[in-house]
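FYI, it's all coordinate maths here, none of it is from the lab. Because the structure is predicted, anything quoted here is derived from the model rather than measured. For neighbour counting, all protein chains shown are included, and Cβ atoms are generated from backbone atoms with ideal geometry for every residue, glycine included.
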Amino acid sequence: MSAVVGHADPAAVCVTLKRSIERWEAEDALRRSQSLSIAENAKRTEAARLGKTEETLNAPAVGTSEAPNAAGTGIPLLLNGKRTWCESVSLGALAGALGLAGRRVMAELNGQAVPRADWDAVPLCPDDRVEFVQFVGGG
């Protein structure tokens, strides 16, 4: 903010900053869609190799482990600071698999807070950083 206040043309700085933020958001959206496409292709290839049906492929899988499952599938994640493999396809499915669906927790994905209403719509991509934070009171 001090760069805006101390600049001769604060409006121009704001416009430049806004464009930079929009560019970063677009690049992040592209990265996430590419990661999702790669993950989906890998999932389809594995399903075909195992003879799974389209229904089985699209069924929400849940659970986490410290290594890929026996079939070698799963998404590598950093979950609450710990490297893990996840079978969940969305943030909501992961919360459910961890028993957090009805609890008072906040979710953060790659450093951004995610509203609970959006959890089921937010796909998980390889190497995402997921944090679940529980609120506690006290003095």
From the backbone phi of segment 114-126, what are the Karplus-calculated ³J(HN,Hα) couplings (6.51 cos²θ - 1.76 cosθ + 1.60, θ = phi - 60°) in whole Hz, Gly and Pro given as x?
10, x, 3, 4, 9, 3, 5, 8, 8, x, 9, 10, x
Can you give the net charge of the other residues whose Cβ lies under 9 Å from the Cβ of Glu108, counting K and R as +1 and D and E as -1?
0
